[in-house]
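Structure first, then comments.
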Amino acid sequence: MKNPDLFNHELASKAENLGRLPGEWLEKIYTEKWFKLFVPKDLGGLGCTLPEALKIEEKLAKLDGSLGWTVTLCTGAAWFVGFMEESLRNEIFPDTKLCLAGSGFVGGKANMVGDKYIISGSWAYASGALHATHLTANCEIFEEGNAVMDKKGEQVVKAFLLDRKDVEILDGWNYMGMIATGSHAFSCENLKVSLNRCFEILPEKAQLTDSVYQYPFMQFAEATLAANILGISLHMKELIEQSFWKRHGYREYDKKHLKYFRKLFSQQEEKLKEVRHEFYHQVNASWDELEKNGKIDSSRLKKISKVSRKLTQKCREINSRLYPFSGLEAAKTHTELNRVWRDFNTVSQHALLIFPF
């Protein structure tokens, strides 16, 4: 990762105080095109494969949890480029400072009247909302006031791309960690948008042919979130080790205590390496299968879901085992380790990855 010194404790603290990513980080993100990991190169993106993007997201999350998470969620929203109409893609994505934020909630209603959709609703947890140029929103679909139903008798839900100027950002992110993600809510009322602002996030609805847009959304989301949890955990492990030896420097532990810590730390480090290897092995195998066959077998998709949850659970266990050895210094709210601990214990609460199976 280039220029890691830019992502230091001082700027991370500044980001927390701002409640958003600082300008220094945003400029770096724009330069490196990190908000466009999955956007095709001809639209100004990096055109990454999923395995390539996960390694970047892990490294960014290791530098700072809010940084990695915001990039991951915003670049995930920009992944929707593969499902948008050509006219919309060409209108929106060449912007070098493009940033899409979005919410997974079905918080709105979109009524098609003539050649427009009229949208009203409120959506929560849009990471990066404060510097987004556009936001994505899921809506129940109506036509002339009548609910549109699918073949199963359930109401049709589609996604929309909204301009930042057309929505109101609602202050709704009041949690102990991931503060700089600025994961606020947003709303709009009777907003008229053109029909091409609507899209569906399904492999069969992809408008671009790149393999990444054929990767099922659920496993795509699980893997990208797990990579962030991994990165934050790697950061925390390093800080815990530093804190232990710093404490030892001014009040020495005896040989028995040192032996215990070294053995425990080595064991937990090995466990993290093993589960990280297993995670990337399954992701790489799924990608190879997609490239070769044009789709991923359901059994492989289940393995991706399972290993993403397993990775998260292992990180919880490892962090819990090691954290006490950081000493009381880690409980001071202004320290780097405390921030990373708060970030981990916020982000690991994500509903997709709570259960280990």
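The values are calculated or read from the model by the stated rules, or taken from the named source; none is laboratory data. A quick note: this is a predicted structure, and the numbers were derived from the prediction, not measured. Please note: Cβ atoms are built from the backbone with ideal geometry, for glycine as well, and neighbour counts cover all protein chains shown. The protein model used for the area step is the full one, side chains on, heavy atoms only, and it has no ligands, DNA or RNA in it. Shrake-Rupley method; radii C 1.70, N 1.55, O 1.52, S 1.80 Å.
Considering Cα pairs under 8 angstrom that are at least six residues apart, work out the relative contact order of the chain and quote it in whole percent.
Relative contact order here is 18 percent.
Residues with amide H under 5 Å of G102's amide H, sequence separation 5 or more or different chain, H placed in the peptide plane at 1.01 Å from N; which?
S127, T136
State in Å² the accessible area per residue of the chain; use a 1.4 Å probe, count heavy atoms of protein chains only, and round to the nearest integer.
Ligands and nucleic acids excluded, the figure is 47 Å² per residue.
Which of the listed residues, V148, S348, I240, is farthest toward the dipole's positive end in the chain, when Lys, Arg count +1 and Asp, Glu count -1 at the beta-carbon?
Highest projection toward the positive end goes to I240.
Which entries of K28/K116; K59/K259; K59/K332 have Cα-Cα distances beyond 27 Å here?
K28/K116; K59/K259
How much net charge surrounds S298 when only other residues with a Cβ under 13 Å from its Cβ are counted (Lys, Arg +1; Asp, Glu -1)?
So the surrounding residues net to +3.
Which of the trypsin sites (Lys or Arg not before Pro) found in region 64-159 are in a DSSP loop and have at most 10 neighbouring Cβ atoms, other than their own, within 10 Å?
Hits after loop and neighbour filter: K151, K152.
Please get the size of the charge dipole for region 124-218, origin at its Cα centre, with Cβ charges of +1 on Lys and Arg and -1 on Asp and Glu, quoted in debye to the nearest 20.
The dipole of region 124-218 has a size of about 160 debye.
Given points 7 Å out from each Cα along the Cα-Cβ axis, report the N190 to E154 separation in nanometres with one decimal.
3.2 nm
Work out, step by step, the length gained on full extension between D95 and L202: first 0.36 nm times the residue separation, then minus their alpha carbon distance; give nm to one decimal.
36.0 nm
Per residue and in cubic angstrom, what volume does the convex hull of the Cα atoms of the chain have?
Given the Cα convex hull of the chain, per-residue volume reads 136 Å³.
Tell me, how many Å apart are the Cα centres for region 296-357 and for region 127-174?
Centre-to-centre (Cα) distance: 30 Å.
Sequence-distant or interchain residues sharing an amide H contact under 5 Å with K158, placed H: which?
Answer set, sorted by chain and number: C139, I141.
What FRET efficiency, computed as 1/(1 + (r/R0)^6) with R0 = 30 Å and r the Cβ-Cβ distance, is obtained for L6 and K273, rounded to the nearest 0.05?
0.65
List the residues, sorted by chain then number, that are 5 or more residues from Y175 or on another chain and whose placed amide H is less than 5 Å from its amide H.
Amide H neighbours of Y175: none.
Counting other Cβ atoms within 10 Å of each Cβ, which trypsin sites (Lys or Arg not before Pro) in region 1-75 have at most 10 and sit in a DSSP loop?
Answer by residue number: K2.
What dipole magnitude, in Debye to the nearest 20, does the chain give about its Cα centre under +1 on Lys/Arg Cβ and -1 on Asp/Glu Cβ?
I would put it at about 1580 debye.
Treat each spin label as a single point 7 Å out from the Cα along the C-beta direction, and report the E85 to D288 distance in nm.
4.1 nm
Could you give me the ³J(HN,Hα) list for region 112-118, computed from phi with Karplus coefficients 6.51, -1.76, 1.60 and θ = phi - 60°, whole Hz, x at Gly and Pro?
Taking θ as phi minus 60°, the curve returns 7, 10, x, 9, 9, 9, 10 Hz for region 112-118.
In nm, what is the difference between 0.36 nm times the number of residues separating D210 and W245 and their Cα-Cα distance?
7.8 nm
With the crude spin-label approximation of a point 7 Å out along Cα→Cβ, what separation in nm comes out for L328 versus K306?
4.6 nm
Summing Lys, Arg as +1 and Asp, Glu as -1, what charge do residues with Cβ under 9 Å from the Cβ of K158 carry, K158 excluded?
Result for the neighbourhood of K158: -2.
Summarise the accessible area of region 1-149 (1.4 Å probe, protein heavy atoms) by the percent that is carbon and sulfur.
Carbon and sulfur: 50 percent of the exposed surface of region 1-149.
So which aspartates and glutamates pass the test for K205, namely a Cα distance under 14 Å, with those fewer than 8 places away in the same chain ruled out?
Those aspartates and glutamates meeting the cut-off are E85, E86.
If you filter region 250-285 for GluC sites (Glu not before Pro), then keep DSSP loop positions with at most 10 other Cβ within 10 Å, what is left?
E252
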